[in-house]
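Coordinate-derived values only; no laboratory data. None of the values given here were measured: they were computed from a predicted structure. With ideal geometry, Cβ positions are generated from the backbone for all residues, glycine too; neighbour counts draw on all protein chains shown.
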Amino acid sequence: MPMVEWNRDADGMIVLRALVGYETAVVAETACALRLEHASGEKVASDLEALQLVLTSAQARALAGALLRMAERAEQPPPPGTRTN
């Protein structure tokens with residue numbers, strides 16, 4: 001997958017939203033549905049938004065693998081001199 005340009009704020013920091021929940025489902029017996037609930041502002045409980053996606057089974061498997069690799073990297077200490085965000 002090619003690298004994309006992340007959305008950044010005026011200070012150059014990556015804009016991030018807190019994931020507060022997710023749901024999965026199989027729809028039409030062949031497609032994977034993924035709902036990601038996230039906080040859109042500082043008030044996590046009152047400013048929830050959701051993104052609802054449909055994925056093929058191949059996309060779901062690729063995403064699952066990418067999430068596992070990301071979690072494994074996040075659990076390792078960063079190399080010396082690494083820039084954050």
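Annotations for the structure displayed:
- The sum of -39500 (n - 2.57) across all DSSP H runs of n ≥ 4, divided by the residue count of the chain, sets its helix-only mean residue ellipticity at 222 nm to -7000 deg cm²/dmol.
- Within the chain, longest stretch clear of exposed GluC sites (Glu not before Pro) (DSSP loop, no more than 15 other Cβ within 10 Å): 43-74
- Enclosed volume per residue, in Å³, of the convex hull spanned by Cα atoms of segment 19-74: 82 Å³
- Taking Ala74, Ala64, Ala31 as the candidate residues, the one with maximal mean-square fluctuation in a Gaussian network model of the chain, Cα springs under 10 Å, is Ala74.
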